[in-house]
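Notes to accompany the following structure.
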Ligand code: ADP
């Protein structure tokens, strides 16, 4: 049995802002069949400590963790062990995980996630008697400092470690003036340590200190060697190229399965696709969209940001309607995009409808009732919504980047003749490329046999955690088993 400490700032079902949480929440279950016992460490946000009951077990106390009193509490996430860093001065506050209700980052995020890393390194180093680990798996910049603290600790050799990049765009950069407060020895502030262009980078700290680096798709693992995707860390990625790999995220088949999904009007499967129609009618009614079986209902479930190409979709909204499409959008994010989509809906009543917000159950109903899901991301480390689309027979229309390139098979002639096509891909996120992809999708939709074939091939593809769980387990074993 390999004991792994998974260090992350979010995990379903407790706290989530994006795909990171889905993955961290799924890993313990995905790895259990491979002889890996995973313990997850999370910050003690209110939504996390609330699950611990009145008298949680206290495993350790810090009088001062970067100046804050803190405790390590024991809990459960699903059937698996959970450790919670309870430090009310850092995490017990109203608002988001990383910022206040207006979306502004908390000014002390450096301290919140440096303290988190310090505590994680202490736990990995054996601060709790009887709690030992063979390996640390850190996720994203919020956990990056864990690996720097254990590497520069005088306590002994570091454990083997893996860091997974879920999104290179978020790096945790701070000024060099904070260095003394981190409590690291001077040699840590170096080019092969946590230093980054004269400042400090938490993600770089993790990437420079980890035994191995993974990201969430093979294509993204290649893309981040280039400046457009590496976002300043491409040099480090190139230098460590042989230690960087990509493992595609799985999806939880117990949650994302149209045959058993309690959120749906009607259950269905690839064999019983006709039953899907009831979900489409219900979705049209819910969004106030025209009923029109000849016109594909496009859906979007997304953060409304530049990364996701939502500005380009907004530009193409009139074209989408002009070629006979309809659009139901669920998302939140940039205020200008939110109001832009509201305006598009006002221009096209019955054809475009928008829900601003975050609504898990609605996202399930949309996947079951929509015909095609649009994911026109400029970059996409893995992407989960196209995988949900595949599982629900909601055909993905995606840009050819990152995990979108790895998980969708474009409906070109050869793939269609072989019966393996699952969606529509386009190159480069611009008005014209997206408009052409939308037009191509409408043509495919109007050929019912071709469309059913896309839906069935997608629903038959296996994006469960079976394969990817094994890939992580193999990676852990390569680092922990000594010859
Ligand atoms: P990212 O992590 O970059 O936002 P992913 O596709 O990897 O993108 O993961 C996004 C996750 O968040 C998916 O599980 C998706 O269904 C969910 N999601 C995003 N926006 C919403 C929303 N407005 N309502 C419900 N779920 C959403």
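Taken together, the values in this text are just the output of simple stated rules run on the coordinates, not laboratory data. Nothing here was measured: the structure is a model prediction, and the numbers come from that model. Note that we place each Cβ from the backbone using ideal geometry, even for glycine, and neighbour counts take in every protein chain shown.
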Out of all the residues in the stretch 382-398, which are within 13 Å of the ligand (Cβ to nearest atom) and in contact with a strand residue (DSSP E or B) (Cβ under 9 Å, 6 or more places away or on another chain)? 382, 383, 385, 386, 387, 388, 389, 390, 392, 394, 396, 398
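Matching residues to (1) at negative phi; (2) over 21 Å from the mean Cα position of the chain (by Cα); (3) touching a residue at least 60 places away in the same chain (Cβ under 8 Å); (4) not in a helix (DSSP H, G or I):
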position	(1), (2), (3), (4)
444	yes, yes, no, no
449	yes, yes, no, no
452	yes, yes, yes, no
456	yes, yes, yes, no
462	yes, no, no, yes
467	yes, no, yes, no
470	yes, no, yes, no
473	yes, no, yes, no
479	yes, yes, yes, no
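For every residue, the table says whether it meets (1) within 16 Å of the ligand (Cβ to nearest atom); (2) part of a helix (DSSP H, G or I); (3) buried (at least 17 other Cβ atoms within 10 Å of the Cβ).
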| position | (1), (2), (3) |
| --- | --- |
| 164 | yes, no, yes |
| 181 | no, yes, no |
| 208 | no, yes, yes |
| 235 | no, yes, no |
| 245 | no, no, no |
| 248 | yes, no, yes |
| 254 | yes, no, no |
Select from the stretch 167-179 the residues that are within 17 Å of residue 109 (Cβ to Cβ) and in a loop (DSSP other than H, G, I, E, B) and list them in ascending order. 167, 169, 170, 171, 172, 175
Among the residues of the stretch 356-381, write down those that are within 8 Å of the ligand (Cβ to nearest atom), in contact with a strand residue (DSSP E or B) (Cβ under 8 Å, 6 or more places away or on another chain) and more than 12 Å from residue 302 (Cβ to Cβ). 357, 359, 362, 381
Subset of the stretch 318-340 that is surrounded by 24 or more Cβ atoms within 10 Å (Cβ to Cβ) and free of Cβ contacts under 8 Å to residues at least 60 places away in the same chain - its residue that is nearest to the ligand (Cβ to nearest atom): 329
